[in-house]
Amino acid sequence: MSMRLREELEAYLFLLPWILGFLIFLVGPLAASLYFSLADYNILQPPKLVGLANYQTMFADDPLFLKSLRITAIYTFASVPLIVTLGYLVALLLNQKVRGLAVWRTIFYLPAVVSGVAVAVMWVWVFDPDGGIVNNLLRLVGIEGPAWFTDPDWALTTLILTSLWGIGGGMVVYLAGMQGVPTHLYEACELDGGGTWNRFRHVTLPMTTPVIFFNLLIGIIGSWQVFTNAFVITNGGPANATLFYVLFLYRQGWKYHKMGYASALAWVLFFIILIFTIVVFKTSGWVYYESDQADQSK
């Protein structure tokens, strides 16, 4: 056996655990879900192929499918810009040299690592219409707050507000990007007479567009998979006002035992996220990469 062949065999031997895990736990379930999406499968009985019937039912005969899409889309287009913007503004504040900076960074980041269920229970208490903190504060100024999570007109808006709790995760990424901006760029801007606004506009903002792009993309992907808060706090109510897409998918698969239909919903979600990802990449001309500029200068 030649040395090269031996090295290749050894390499594949070390890669074998990962390859087996990839095939068994990723490729296998993907192939199975694609097969189930073309079948009538209730878990208890063997699947029966029905072709595209699940997809036809989804688009033609299931109004809750379209409603869950609309609710999730509204949530995405409302929450993601808010989270991206507020996270960036907080990172700007925490990038300054002030006393107790480490403490403030910890305070803002801590909510991002707290358990989702615990946070959901906390929001139920905060927005309780009778004894919650928010309505009690509103009563102090003579305002009677709404029912929040139990009001169809306010439930989705309230969930959007609660999503701002996790801006600390993106804030850390922004902060890392800001601290990676070369100091000589700020010095050059100051020599040209640039003030605080010009340093932000011409140096900080362009140099941190890659991390803005990253957080925007991750935020969009995550927003289409929202589940915990809607499941724990409202369970899709009231009157399906917070029936997010993944919660709808979960109900079809595990409550009604329509696993074939749930698999079809999962593949539709895959293509929705894929389309959004492609659109974000195709419209990423605003993202500045210093390496690209260096290549062009050569």
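The values are calculated or read from the model by the stated rules, or taken from the named source; none is laboratory data. What you see is a predicted model; the values in this text were computed from it and never measured. Neighbour counts are summed over all protein chains in view; Cβ atoms, including those assigned to glycine, are modelled from backbone coordinates with ideal geometry. Side chains included, ligands, DNA and RNA excluded: accessible areas come from the protein's heavy atoms. Shrake-Rupley method; radii C 1.70, N 1.55, O 1.52, S 1.80 Å.
Looking across the stretch 221-235, the residues that are in a helix (DSSP H, G or I), aliphatic (A, V, I, L, M) and crowded, with 19+ Cβ neighbours inside 10 Å come down to Ala230, Ile233.
Can you name the residue in the stretch 74-101 that is without any contact (Cβ under 8 Å) to a residue 60 or more places away in the chain and open to solvent by 70 Å² or more (accessible area, probe 1.4 Å) and, of all such residues, is farthest from Gly170 (Cα to Cα)? Restricting to residues being without any contact (Cβ under 8 Å) to a residue 60 or more places away in the chain and open to solvent by 70 Å² or more (accessible area, probe 1.4 Å), the top hit is Arg99. The number of residues in the stretch 163-205 that are open to solvent by 70 Å² or more (accessible area, probe 1.4 Å) and closer than 15 Å to Ala91 by Cα comes to 2.
Answer with yes or no whether Phe231 is under 16 Å from the mean Cα position of the chain (by Cα) and touching a residue at least 12 places away in the same chain (Cβ under 8 Å). Spell out how you get there, then give the answer.
Values: under 16 Å from the mean Cα position of the chain (by Cα): no; touching a residue at least 12 places away in the same chain (Cβ under 8 Å): yes.
So Phe231 does not fit the description; no.
Go through (1) surrounded by 11 or more Cβ atoms within 10 Å (Cβ to Cβ); (2) within 23 Å of the chain's Cα centre (by Cα) for Met58 and report which single condition fails. With (1) surrounded by 11 or more Cβ atoms within 10 Å (Cβ to Cβ); (2) within 23 Å of the chain's Cα centre (by Cα) applied to Met58, the lone miss is (2). Remark: pairs (first residue in the stretch 170-186, of a type in the set (S, T, N, Q); second residue open to solvent by less than 60 Å² (accessible area, probe 1.4 Å); Cβ separation under 8 Å; 6+ apart in sequence or on different chains) = Gln179/Asn95.
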